[in-house]
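*Asks:* To start, I am sharing the structure in question, which I have written as structure tokens.
A short reminder: the numbers here are calculations on the coordinates, not readings from a lab. Because the structure is a prediction, the values reported are computed rather than measured. Neighbour counts run over all protein chains shown; Cβ positions are idealised from the backbone, glycine included.
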Amino acid sequence: MDHHKPELRSALLFTITIELLGMQDIGKTPSGARRIVQVKGGTFEGEELRGTILPGGGDWIVTRPDGVRLLDVRLALETDDKQLIYMTYRGMLHGPQWVMERLNKGEKVDPSEYYFRALPWFETASEKYEWLNRIVTVSMGRREPAGPIYDVFQIL
């Protein structure tokens, strides 16, 4: 009998800081409370790639009746060497009601007080970064007053 237990290993791919522009509150729909948040820009930096977030992306957020915020984000990244990468991710943000109220007010809250995770995927036509098309990543987020910051980890 094989008693080998696989070990999950990861490496930090980059940290991404997202600047938000504005929000459209669609209201309570059959799916939940729907908001669309526009992305103004931002930056990402890691050992193998770094650059800026181009304007025009967004987050199509639904808050479920149980208070869990479901994220649906699409971004265009431009590396410092002018290569374009499409980044999309789904994720969730939730915590005790009083913590979420503090986050909604724009207060700084310790990330250990809430759960903020996402699963980024990448698409690119760039030969240099084509390896991004073939990896799985997981991110841990924290909500700062100016916008979210994620540490994105490649699963090895």
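*Asks:* Suppose we look only past 15 Å in the calculated P(r) of segment 70-131. What percent of the Cα-Cα pairs does that tail hold? It would help to have the intermediate numbers written out before the result.
*Replies:* Numbers: 1162 of 1891 pairs.
Every Cα pair in segment 70-131 considered, those over 15 Å come to 61 percent.
*Asks:* Give me 86, 114, 150 ranked fewest to most by other Cβ atoms within 10 Å of their Cβ, as a rough exposure proxy. Present the calculation step by step, with values, prior to reporting the outcome.
*Replies:* Numbers: 86 15, 114 19, 150 24.
Neighbour counts put them in this order, fewest first: 86, 114, 150.
*Asks:* Using alpha-carbon positions, what is the distance between the centroids of segment 132-152 and segment 1-78, in Å?
*Replies:* Value for the Cα centre distance between the two parts: 6 Å.
*Asks:* Roughly how big is the chain's charge dipole about its Cα centre, with Cβ charges of +1 (Lys, Arg) and -1 (Asp, Glu), in debye to the nearest 20? Display every interim value, and only then the final one.
*Replies:* Details: 20 positive and 22 negative charges, 126 e Å.
Computed about the Cα centre, the dipole is about 600 debye.
*Asks:* Could you name the lysines whose alpha carbon sits less than 24 Å from that of residue 40, not counting residues in the same chain fewer than 8 places away?
*Replies:* Cross-link targets: 82, 105, 108.
*Asks:* Among 138, 20, 103, which residue has its Cα positioned farthest towards the positive end of the charge dipole of the chain, with +1 placed on the Cβ of Lys and Arg, -1 on the Cβ of Asp and Glu, and the dipole taken about the Cα centre?
*Replies:* Checking the options against the dipole of the chain, the answer is 103.
*Asks:* Report the percentage of all Cα-Cα pairs in the chain whose separation exceeds 23 Å, rounded to a whole percent.
*Replies:* Details: 4788 of 12090 pairs.
Percent of Cα pairs beyond 23 Å in the chain: 40.
*Asks:* Counting only residues 5 or more places away or on other chains, whose amide H sits under 5 Å from the amide H of residue 144 once H atoms are built in the peptide plane?
*Replies:* For residue 144, whose amide H was placed from the backbone, the distant partners under 5 Å are 149.
*Asks:* So, one more: Enumerate the amide H contacts of residue 56 below 5 Å, restricted to partners 5 or more residues apart or on another chain; note that Pro and chain-start residues carry no placed amide H.
*Replies:* 39
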